[in-house]
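These notes are about the structure you will find just below.
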Amino acid sequence: MTSPVRVPADVDRPDRVLGPLTARQLAILGVAGLLLYGLYSATSSFVPLPVFLIVAVPVGITATVLALGQRDGLPLDRLALAAIRQHLSPRHRVAAPEGVR
């Protein structure tokens, strides 16, 4: 005998992988964390920790805002990527043929 299965109402919402974080958010935060850890490992012998933190804290905050922030339901990392693509795309006008307004 079959039993009914509940389907979530919002099927377009990304799945939560770890607590309230999606896989995309975990990937962004993980890459930022690994980047900062690698940078610290490479520079810890000649850069003091307070100087490293001056660089690392803004990078970490930026990665956190990009991973967790949203605007109008769109994640900020996708919004930032769209802004970069729009900025890098060519800007040109195409002349319309006669009679087109």
Exercise for review: Could you grab the pairs with beta carbons closer than 7 Å, sequence gap of 6+ or different chains, first residue in the stretch 42-71 and in contact (Cβ under 8 Å) with a residue 40 or more places away in the chain, second one of a type outside the set (S, T, Y)?
Suggested key: A67/Q25; A67/I28; A67/L29; A67/D77; L68/Q25
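Every residue, every condition in (1) closer than 16 Å to I28 by Cβ; (2) basic (K, R); (3) over 20 Å from the mean Cα position of the chain (by Cα), yes or no:
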site: L49; (1), (2), (3): no, no, yes
site: I54; (1), (2), (3): no, no, yes
site: I61; (1), (2), (3): yes, no, no
site: L79; (1), (2), (3): yes, no, no
site: Q86; (1), (2), (3): no, no, no
site: S89; (1), (2), (3): no, no, yes
Check your understanding: Do the conditions hold for V17, that is, is it over 22 Å from L79 (Cβ atoms), more than 15 Å from the chain's Cα centre (by Cα) and not acidic (D, E)?
Key -> no
Exercise for review: For residues that are surrounded by fewer than 10 Cβ atoms within 10 Å (Cβ to Cβ) and either in contact with an Asp or Glu (Cβ under 7 Å, 6 or more places away or on another chain) or more than 16 Å from L21 (Cα to Cα) (or both), tally how many sit in the stretch 67-83.
Suggested key: 2
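Yes/no per residue for (1) surrounded by 12 or more Cβ atoms within 10 Å (Cβ to Cβ); (2) of a type outside the set (S, T, N, Q); (3) assigned to a loop (DSSP other than H, G, I, E, B):
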{"residue": "V7", "(1), (2), (3)": "no, yes, yes"}
{"residue": "D12", "(1), (2), (3)": "no, yes, yes"}
{"residue": "Q25", "(1), (2), (3)": "yes, no, no"}
{"residue": "V31", "(1), (2), (3)": "yes, yes, no"}
{"residue": "V47", "(1), (2), (3)": "yes, yes, yes"}
{"residue": "L53", "(1), (2), (3)": "yes, yes, no"}
{"residue": "G60", "(1), (2), (3)": "yes, yes, no"}
{"residue": "V65", "(1), (2), (3)": "yes, yes, no"}
Review point. What number of residues within the stretch 67-89 are hydroxyl-bearing (S, T, Y) and assigned to a helix (DSSP H, G or I)?
Key: 0
Practice item. Would you tally the residues in the stretch 14-23 being outside any loop (DSSP other than H, G, I, E, B) and among the small types (G, A, S)? Key: 1
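Each row is one residue, and each column tells you yes or no for (1) modelled with pLDDT of 95 or more; (2) at positive phi; (3) of a type in the set (S, T, N, Q).
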residue	(1), (2), (3)
G30	yes, no, no
L34	yes, no, no
L39	yes, no, no
L53	yes, no, no
A56	yes, no, no
V59	yes, no, no
D72	no, yes, no
D77	no, no, no
R85	yes, no, no
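The values are calculated or read from the model by the stated rules, or taken from the named source; none is laboratory data. Here the structure is a predicted model, which is why all the values come from computation and not from measurement. When we count neighbours, we look across all protein chains shown, and the Cβ atoms used for this are built from the backbone with ideal geometry, even at glycine.
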